[in-house]
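First up is the structure itself, then whatever we jot down about it.
The values are calculated or read from the model by the stated rules, or taken from the named source; none is laboratory data. All figures in this text were calculated on a predicted structure; none of them were measured in a lab. Note: ideal-geometry Cβ built from the backbone for every residue, glycine included; neighbour counts use all protein chains shown.
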Amino acid sequence: MFLFLESLGYGIFTRLGAGFLAFWGATAPDWLEIAHAERDYNGKWQRVSVIPHRTFTHWLSLWIIPTLVLLWILPRGAAILRHPNHADVLALLLAFLAGGISHLLCDLPNPTGIPVLLPGAKHRISLRLWRSGSGFEWIEIALFWGVTFLVWAYLPGAVR
C-alpha cells in the first residue's frame, strides 16, 4: 500500500497514515461485530457480539466493491474529486479496506471460512488448512512479507 500510494504521488504523511489505517483495518472485521463478554448459565465467560461472528463484517463483497471503486478513482485524483485533500482521505480509506481484505484472506484457511455470495453461514468458502491459534498463522505472515518483497524488488517501474 505504501509503495502504491507513493507511485501515485501521495506525500509521506498520507503514506504513514495509510500504514496505520491498514493495520487498524486488518482488525476491523472482528471489532466491527461490537463484541463483549458475558457470563453464560454456568458462570463461564463467553464472547457475545451484536453482529454474529464471520457474517456481515467478514463478507468479502462488503470489502471488495468499495476497494475496486477507490482503485478506479485514486489514479484520477483531484480531477474527479475537485479537491486534493479529498484524494488523501480516499487513499486512507483504501488502506483501511486493504487491511480488512488481508484479514479476510487470513481467515480463509480456517474451517469456518468467510462468506462470499451472501453474509450467512451457508455461503462460506474455506480452504480448511488450519484452525485459528494453531500456530500456522506465521505461514500467512511470511507469505504477505514475501509477496511484498517480491513486488518491491522485481517490479520497480510499477511501484517506484
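Figures for the structure shown
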| quantity | calculated |
| --- | --- |
| Among residues of region 112-160, those that are at pLDDT below 80, over 25 Å from residue 62 (Cα atoms) and assigned to a helix (DSSP H, G or I), counted | 8 |
| Residue in region 86-94 that is surrounded by 13 or more Cβ atoms within 10 Å (Cβ to Cβ), at pLDDT below 90, of a type in the set (Asp, Glu) and over 20 Å from residue 1 (Cβ atoms) present | no |
| Residue check, residue 18 under 14 Å from residue 96 (Cα atoms), in contact with a Gly (Cβ under 6 Å, 6 or more places away or on another chain), touching a residue at least 40 places away in the same chain (Cβ under 8 Å) and surrounded by 14 or more Cβ atoms within 10 Å (Cβ to Cβ) | no |
| Out of 37, 22, sole residue that is in a helix (DSSP H, G or I) and among the hydrophobic types (A, V, I, L, M, F, W, C) | 22 |
